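As structure tokens, the structure follows; a few thoughts come after it.
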Amino acid sequence: MTTPSRSFLCLRHGVTDWNAQGQFQGRTDVPLNGEGVSQAQAAALRLQNVRLDQVVASPLLRAVQTADIIASALSTPLAIDDGITECNFGSLEGRSIAEVMKEHDISAMEQLATILPPDGEPWASVSARSLRCIGQWLDRHPQALILFVCHDAVMQAISEALCRTWFKNQYGTPFKFERAGDVWTVGEVG
């Protein structure tokens, strides 16, 4: 597993109708709803005093819309990278998360990583490709503060790999993955 060389920022896209309905979204390209647009605007305000050099977004519409609002508000360059696209949940996409958890008798969100269907993406590949993507951006831009606008599963996979835990992620909320020696922590920005 590639470990990023230094700290970076991550932000989960704003909410969509599918998120609000508790459905697996994955690679299904659902746009932000009105609340999601407001969350992206609030994130831009929250980051206005942070010297961002680059915003990198997943190619899925909900992430691009969120990133575009932030990058435009902060006059920061925006790039798109497939490496941080959401996990492919395969046959779970469009299904109720609560119903799937009940079917599999699981109660914690992190247990979802253990029941991904064969037609989806293995959990290990989500963290491997996401960390590789982030590491490449950080290595190419060694002095830059980069914000990665992506998805909950991507951020949880990163947190599990680096911090050894999942965390309470929220839509449109910037988080910093901070490295101090070999120890990583994740915490809300601002």
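Taking a ≥ b ≥ c as the square roots of the eigenvalues of the Cα gyration tensor, segment 73-131 is prolate, since a/c reaches 1.5 or more and a/b is larger than b/c. Principal-axis analysis of the Cα atoms of the chain puts helix 61-74 at an angle of about 20° to the longest axis.
GNM on the chain, C-alpha springs below 10 Å: top fluctuator among Ser159, Ser130, Ser107? Residue with maximal mean-square fluctuation among Ser159, Ser130, Ser107: Ser107. If you take all C-alpha pairs in the chain, what percent of them are over 21 Å apart? Tail of the P(r) past 21 Å holds 47 percent of the pairs. Between helix 123-140 and the chain there is an angle of about 10 degrees, using the helix long axis and the longest principal axis of the Cα atoms. With the simple model of a label 7 Å out from the Cα in the direction of the Cβ, Lys102 to Gln48 spans 4.4 nm.
About its Cα centre, the chain has a charge dipole of approximately 580 debye under the convention of +1 per Lys or Arg Cβ and -1 per Asp or Glu Cβ, with nothing else charged.
Since every read-out is calculated from the coordinates, none of them should be taken as a lab result. Predicted model only: the values in this text are computed from it and were never measured. Counting neighbours? That spans all protein chains shown, and the Cβs are built from the backbone with ideal geometry, glycine included.
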